[in-house]
Amino acid sequence: MLASGKLEDLPSIDEEVALIQQKSVSSDLEASPSVSSSNKVPKSPKEAKEGKESQNRKSKMKSPVRKGGATVKRLASSNLSGTPSTKKFFMSKSSKAADQEGTPKTDESMRDSFHFTHTISGTDTPVGARLEEFDEVESEEKVSGKTIIPTPLRIGFLGLGIMGQGMVMNLLRSGHEVTVWNRTATKCREFVKAGALKGNNPADVVQSCDITFTCVSDSTAVRDIMFGNMGVLDGISKGKCYVEMSTVDEETVQDVADAIMARGGAFLEAPVCGSRVPALEGQLLIVCSGDRKLFDDCYSCFEAMGKKSFYLGNEVGTATRLKLIHNMILGNVVASLAEGMALADKVGIDLEDFTEVLSLGSLSCRTINHKSQAILNGRYDPHFPLQHQQKDLRLVLGLGDSVEQPLYLAAAANELFKKARRMGFGEGDVAAVFKAASEFGAGEQTDSSAKDESSTK
């Protein structure tokens with residue numbers, strides 16, 4: 001608010017920028033040790049001691065050190081060279097290493113955070129290109145940056161799908177002894193080359209390992225692996241441990257837990273929050289319930305596969321309920337994004353502009369940024385298959401019915417995902433729900449067109 005004067009009296013943007021530059025230069029000159037030692041007034045020993053203690057206290061209070069010991073060096077508020085000024089909110093691992101070595105980092109040596117970087121002027125790198133670079137390079141840095149002491153226990157892993165592939169590779173990279181099995185045996189080859197052993201069937205893996213993990217697509221696959229011929233149950237004996245990481249319904253989880261424990265085995269459910277890229281990075285969230293000792297024994301495995309693991313208690317089903325609710329929210333968000341982009345396209349808004357606004361505004365997050373770019377580019381390579389998202393929405397609606405909790409948004413989102421599956425996008429990425437939101441079949445019409453038709457009859 002202006003106390004007095006007119007709007008014309010306010011400085012222009014160019015004048016403000018020049019003022020900021022002058023302040024930055026003057027502050028740098030004040031901070032530089034340009035005064036010669038001959039002009040300094042000598043201090044008494046007491047004053048020197050007090051001054052040193054005061055300076056130490058200030059350095060402790062103001063030291064910009066993040067957890068982990070990396071020093072955060074603030075960038076200059078203006079760029080005097082005339083090159084684009086860039087706001088940077090997060091440090092890459094390479095820049096942290098440069099700080100610890102005491103070498104100055106430049107804009108070129110510091111990789112931009114993929115969804116919190118914006119070039120104020122000049123030509124900016126497209127958001128899609130930054131996301132691709134993040135997927136390929138950042139994942140390798142995150143995996144190699146972990147220090148994990150692998151458990152001496154022998155680990156088995158059943159299921160080498162979109163999620164299982166990244167999880168197993170991270171177990172191998174961290175030094176675990178892993179035996180793998182997959183219904184399509186050819187998928188085991190690259191993991192055997194990477195150091196894994198290959199089991200002939202689920203029972204064989206369970207018998208040869210101390211802890212066996214399973215991560216497959218749905219309840220039918222879980223039951224086939226568990227109760228089928230030469231399945232997990234045939235290999236379970238007293239002392240064997242089994243960890244179910246698939247996202248399935250509570251009834252299936254409880255049936256598996258009861259069967260395992262009836263034969264003297266230990267059971268833990270541990271569904272994961274995340275998709276293909278976090279699985280490759282070892283950045284999954286792992287939510288667990290069941291046997292507490294087994295959770296502790298899985299510590300190094302969870303460290304290799306995820307960025308954090310949660311123990312929610314010994315009641316089987318708790319972790320499954322949390323995971324289904326998590327995926328319900330995810331489905332609602334992606335469905336809303338798809339409808340929003342479909343509407344923006346219909347009213348003449350450039351979708352590239354729209355996605356950039358989303359990536360820089362308050363809605364910016366990994367899901368919004370990745371899925372909006374997938375929709376913009378029409379690329380639906382499965383990171384999280386659409387049919388799995390619709391399955392989770394169906395399961396969570398059943399969970400809501402069991403406690404008489406209405407789920408209006410989830411029910412609507414489920415219908416949109418069901419339509420996308422009917423259109424043939426079930427095996428594509430969850431972002432393909434945009435196709436259902438933007439296209440109408442022969443027997444479909446909008447509410448407004450239906451009203452127009454009824455009024456003319």
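The values are calculated or read from the model by the stated rules, or taken from the named source; none is laboratory data. Treat the numbers as computed from the prediction; the structure is a model and nothing was measured. Don't worry about glycine lacking a Cβ; one is built from the backbone with ideal geometry, like all the others, and counts go over all protein chains shown. Just the protein is used for accessible areas: all its heavy atoms, side chains included, with ligands, DNA and RNA removed. Shrake-Rupley method; radii C 1.70, N 1.55, O 1.52, S 1.80 Å.
The magnitude of the dipole of the range 323-438, with charges of +1 and -1 set on the Cβ of Lys/Arg and Asp/Glu and taken from the Cα centre, is near 400 debye.
Rg/Rh for the range 155-316 stands at 0.92; both radii use Cα atoms, and Rh follows the Kirkwood definition. Convex hull volume per residue, computed on the Cα atoms of the range 267-412, equals 127 Å³. The listed residues ARG366, ARG173, once ranked by accessible area (1.4 Å probe) with the largest placed first, stand as ARG173, ARG366.
Taking amide H as placed 1.01 Å from N in the peptide plane, the amide H of ALA266 sits under 5 Å from that of GLY239, LYS240, CYS241, TYR242, each at least 5 places away or on another chain. Rounded to the nearest Hz, the phi-derived 3J(HN,Hα) couplings of the range 230-240 under the Karplus curve 6.51 cos²θ - 1.76 cosθ + 1.60 (θ = phi - 60°) are 6, x, 4, 4, 5, x, 6, 9, 4, x, 6, where x marks glycine and proline. Placing +1 on the Cβ of every Lys and Arg and -1 on the Cβ of every Asp and Glu, with no other charges, gives the range 278-353 a dipole of roughly 440 debye about its Cα centre. Checking the Cα-Cα distances for LYS146/LYS240; LYS391/LYS435; LYS198/LYS240 against a 25 Å cut-off, the pairs over it are LYS146/LYS240. Each part gets one Cα centre, and for the range 344-413 versus the range 199-233 those centres are 33 Å apart.
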